[in-house]
């Protein structure tokens with residue numbers, strides 16, 4: 001059973017979350033976590049000016065996803081940074097190319113989830129995930145979030161991302177904050193949860 005984790009990460013925060021999602025997927029017997037990044041759309045000189053060259057370079061070992069791979073999966077978990085309360089442009093462009101899958105109904109009934117990152121605690125994490133769901137619902141996918149059985153959602157002693165809509169992390173205004181243990185645990189839980197549902201549907 002293949003669980004595809006498709007993400008975009010300019011500064012590495014979503015990439016770290018994606019790795020934890022993959023660990024969670026691997027916790028389900030028979031589930032294979034396949035990590036993929038979406039194509040970059042920004043020119044190299046722009047990336048360098050944004051200070052993202054090094055973090056993007058370390059992700060070059062992750063293959064670029066093709067639209068066809070989505071249809072070959074048993075579940076797909078998407079990761080995107082927040083851009084003004086919505087998914088990033090790179091992810092949107094990738095999803096805009098799935099028209100053939102929509103016409104063929106290739107993704108109908110497939111479990112899907114979303115995780116994200118934002119600079120601030122209230123920087124649009126929930127709206128990013130919920131607006132992402134609109135696209136996935138048009139494709140006929142079955143939304144799976146991060147249920148409250150993950151006890152970390154009740155964390156009140158520290159700043160932490162995460163909501164019933166999906167796992168998330170806070171990067172900080174300058175991007176220096178890395179995902180906390182609780183945020184990474186939420187990502188692992190969501191990966192395991194979605195893989196478990198996919199396994200039940202495949203049984």
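The values are calculated or read from the model by the stated rules, or taken from the named source; none is laboratory data. Computed from a predicted structure; not experimentally measured. With ideal geometry, Cβ positions are generated from the backbone for all residues, glycine too; neighbour counts draw on all protein chains shown.
Worth pointing out:
Each row is one residue, and each column tells you yes or no for (1) modelled with pLDDT of 95 or more; (2) farther than 29 Å from residue 196 by Cβ; (3) more than 14 Å from the chain's Cα centre (by Cα).
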{"site": "66", "(1), (2), (3)": "yes, no, yes"}
{"site": "75", "(1), (2), (3)": "yes, no, no"}
{"site": "81", "(1), (2), (3)": "yes, no, no"}
{"site": "96", "(1), (2), (3)": "yes, yes, yes"}
{"site": "115", "(1), (2), (3)": "yes, no, no"}
{"site": "120", "(1), (2), (3)": "no, yes, yes"}
{"site": "123", "(1), (2), (3)": "no, yes, yes"}
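- Residue 89 vs. criteria at pLDDT 95 or above and over 18 Å from the mean Cα position of the chain (by Cα): no
- When residues of segment 179-203 are limited to those that are modelled with pLDDT of 95 or more and not in a helix (DSSP H, G or I), the one farthest from residue 14 (Cα to Cα): 180
- If you go through segment 125-152 and keep only what is more than 16 Å from the chain's Cα centre (by Cα) and crowded, with 18+ Cβ neighbours inside 10 Å, you end up with 139, 150, 152.
- Hits in segment 7-27 (condition: farther than 14 Å from residue 117 by Cα, surrounded by 19 or more Cβ atoms within 10 Å (Cβ to Cβ) and in contact with a strand residue (DSSP E or B) (Cβ under 6 Å, 6 or more places away or on another chain)): 22, 25
One line per residue, one yes/no per condition, for (1) without any contact (Cβ under 8 Å) to a residue 40 or more places away in the chain; (2) in a helix (DSSP H, G or I); (3) under 24 Å from residue 138 (Cα atoms):
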| position | (1), (2), (3) |
| --- | --- |
| 28 | no, no, no |
| 56 | no, yes, no |
| 80 | no, no, yes |
| 109 | no, no, yes |
